Amino acid sequence: MRVQVAIVGGGPAGHLLGQLLYKAGIDAVIIERQTGDYVLGRIRAGVLEQVCIDLMDEAGVGKRMHAEGLVHGGFDMLFKGERHRIDMNRLTGGKNLMVYGQTEVTRDLMDARKAAGLTTIYEASNVTVHDFDTAKPRVRYEKDGQTHEIECDFIAGCDGFHGVCRASAPRSAIREYEKIYPFGWLGILSNTPPVHEELIYANSPRGFALCSQRSPTRSRYYLQVPLTDKVEDWSDEAFWQELRLRLDPEARAKLVTGPSIEKSIAPLRSFVTEPMRFGRMFLAGDAAHIVPPTGAKGLNLAATDVKYLSSALIEFYQDKTEAGIDNYSERCLRRIWRAERFSWWFTGLMHRFPENGEIGQKFQEAELDYLIHSEAGARSVAENYVGLPLNFGE
Ligand code: RFL
Ligand code: PHB
């Protein structure tokens, strides 16, 4: 097989890239290790920034998102037992976020791909990437006991944190920055009405908690837990009991509980790869960077990488210029480091770090107190949380 772009990884980044390239008449194939159902079964992000919403529209898949997504103009921060609203909409001059699950984003993109008759190779094993330092890169994979090879002009590494593309970049050409946090997030999905119409980020003496949602009848909640905890240690009842203890009295009284339909623990990490281009192979999304989920930035960053990459590839084919390709890594990394900084800071503000002692706790409380009482402080949180514009600082 020969295509212009071989996309390794069929998560949200790979699928969004496939759709944007298709719209521009560029021929691409997606090679995915898992089945489509497996990809859709991973419960992850829930909050879309305006740039991500715009990209879904640009890709021609925004209809269901606009019909079913929930528009949020603010969120609550809970500390010392009281909730304080960050009025994002007012503080940012009218900007909002959309609550619409990553599963739905990916499903809409997969459906559009299928409807257009485009090729996705699922259950491709032993995927390897070759010759991306030449003008004729190749991707090899195995399926049904046979080895296949794809020739292409470019490889897009959209294969997530554990993918093969970053791992195949020459070690001498790559620099990685990493911070691992000393706790994880235990998440639960349940068919119960959300405790509040907006999200609640809680800094409680028992640890962080987040009340999120997917729809008026489906909730998503998270608890900060030690890295040593296992999902099996947490019955549904134990989860709800702990969540109650981390909320304020009003939320505690309103909380509706029910059986979990998904429960998992995610580690928290800050991670950035530099650069994001190796000859004719580009990294995008979680393949190149990870943020702790506190800032709700991971999927949104993946989407903006893909925006920059699709624009660069379209310029290459239509305008015969390599300027966008040459600029790709630097352009992405500026945006990524800003989101990394915010996610790291917000994680530090909202979680419990016993190793920082009582004084660390006092610093946190003083900062939270400042942020909710200072217009400038609250605006800075709101501006970063809602997402900085694509051309910020350019
Ligand atoms: P993905 O989603 O990991 O997809 C990569 C795909 O590549 C496939 N793959 C391979 N395919 C072929 N060959 C190989 N060798 C391969 N190796 C891997 C995988 O099977 C997979 O299908 O990365 P992508 O597309 O870059 O998307 C990134 C997002 O998934 C991620 O950033 C977000 O989910 C992060 N995140 C959040 N982001 C937000 O913007 N807002 C949020 O509210 C938010 N909440 C979250 C989150 C992530 C979480 N977890 C579990 C880490 C909440 C949580 C709990
Ligand atoms: C989610 O709904 O899964 C979610 C929301 C906000 C975050 C992280 C995850 O910061």
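General remarks:
- For Met281, the conditions (1) within 16 Å of ligand 2 (Cβ to nearest atom); (2) buried (at least 19 other Cβ atoms within 10 Å of the Cβ); (3) aliphatic (A, V, I, L, M) all hold with the exception of (1).
- Any hit, the stretch 152-170, residues being farther than 23 Å from Pro12 by Cα and within 28 Å of the chain's Cα centre (by Cα): yes
This table checks each residue for (1) away from ligand 2 (no atom under 16 Å from the Cβ); (2) at pLDDT 95 or above.
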| position | (1), (2) |
| --- | --- |
| Leu21 | yes, yes |
| Arg33 | yes, yes |
| Gly41 | no, no |
| Arg64 | yes, yes |
| Glu68 | no, yes |
| His72 | no, yes |
| Leu109 | yes, yes |
| Gly117 | yes, yes |
| Ile121 | yes, yes |
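- Subset of the stretch 71-110 (residues that are assigned to a helix (DSSP H, G or I), aliphatic (A, V, I, L, M) and within 16 Å of ligand 1 (Cβ to nearest atom)): Met88, Val105, Leu109, Met110
- Residue ID - farthest from Phe363 (Cα to Cα), chosen from residues in the stretch 185-214 that are more than 11 Å from ligand 2 (Cβ to nearest atom) and outside any loop (DSSP other than H, G, I, E, B): Ser190
- Checked against (1) within 16 Å of ligand 2 (Cβ to nearest atom); (2) surrounded by fewer than 18 Cβ atoms within 10 Å (Cβ to Cβ); (3) of a type outside the set (Ser, Thr, Tyr); (4) under 16 Å from Val272 (Cα atoms), Gly348 meets all criteria but (4).
- Filtering the stretch 112-165 to residues that are of a type in the set (Asp, Glu) and either touching a residue at least 40 places away in the same chain (Cβ under 8 Å) or closer than 20 Å to Ala288 by Cβ (or both) leaves Glu123, Asp133, Glu149, Glu151, Asp153, Asp159.
- In the stretch 366-393, residue modelled with the lowest pLDDT [restricted to those that are farther than 27 Å from Ile53 by Cβ and in contact with a strand residue (DSSP E or B) (Cβ under 8 Å, 6 or more places away or on another chain)]: Ile372
- The stretch 135-159: number of residues that are outside any strand (DSSP E or B) and either under 20 Å from Ile26 (Cβ atoms) or of a type in the set (Phe, Trp, Tyr) (or both): 7
- Looking across the stretch 201-233 at every residue that is in contact with a helix residue (DSSP H, G or I) (Cβ under 8 Å, 6 or more places away or on another chain) and more than 14 Å from ligand 1 (Cβ to nearest atom), the one that is farthest from Glu358 (Cα to Cα) is identified as Ser215.
- Residue that is nearest to ligand 1 (Cβ to nearest atom) [pool: residues in the stretch 241-264 that are assigned to a strand (DSSP E or B) and surrounded by fewer than 19 Cβ atoms within 10 Å (Cβ to Cβ)]: Ser264
- 2 or more residues small (Gly, Ala, Ser): qualifying helices (runs of 4 or more DSSP H) within the stretch 1-70: 12-23, 36-41
- All of Val231, Val291, Val256, Val272 fail the test of being within 14 Å of ligand 2 (Cβ to nearest atom) and at pLDDT 95 or above, apart from Val291.
- Filtered residues of the stretch 182-198 (kept if of a type outside the set (Gly, Ala, Ser), within 29 Å of Gln34 (Cβ to Cβ) and in contact with a Phe, Trp or Tyr (Cβ under 9 Å, 6 or more places away or on another chain)): Phe183, Trp185, Leu186, Ile188, Leu189
- Counted residues, the stretch 2-37 - those being surrounded by fewer than 22 Cβ atoms within 10 Å (Cβ to Cβ) and closer than 15 Å to Asp153 by Cβ: 8
- Taken together, the residues in the stretch 153-200 that are touching a helix residue (DSSP H, G or I) at 6+ places or on another chain (Cβ under 8 Å) and of a type in the set (D, E, K, R) amount to 3.
- For Arg334: the one exception among (1) touching a Gly at 6+ places or on another chain (Cβ under 7 Å); (2) among the charged types (D, E, K, R); (3) crowded, with 17+ Cβ neighbours inside 10 Å: (3)
The values are calculated or read from the model by the stated rules, or taken from the named source; none is laboratory data. Keep in mind the model is a prediction, meaning the values are calculated, not measured. Neighbour counts run over all protein chains shown; Cβ positions are idealised from the backbone, glycine included.
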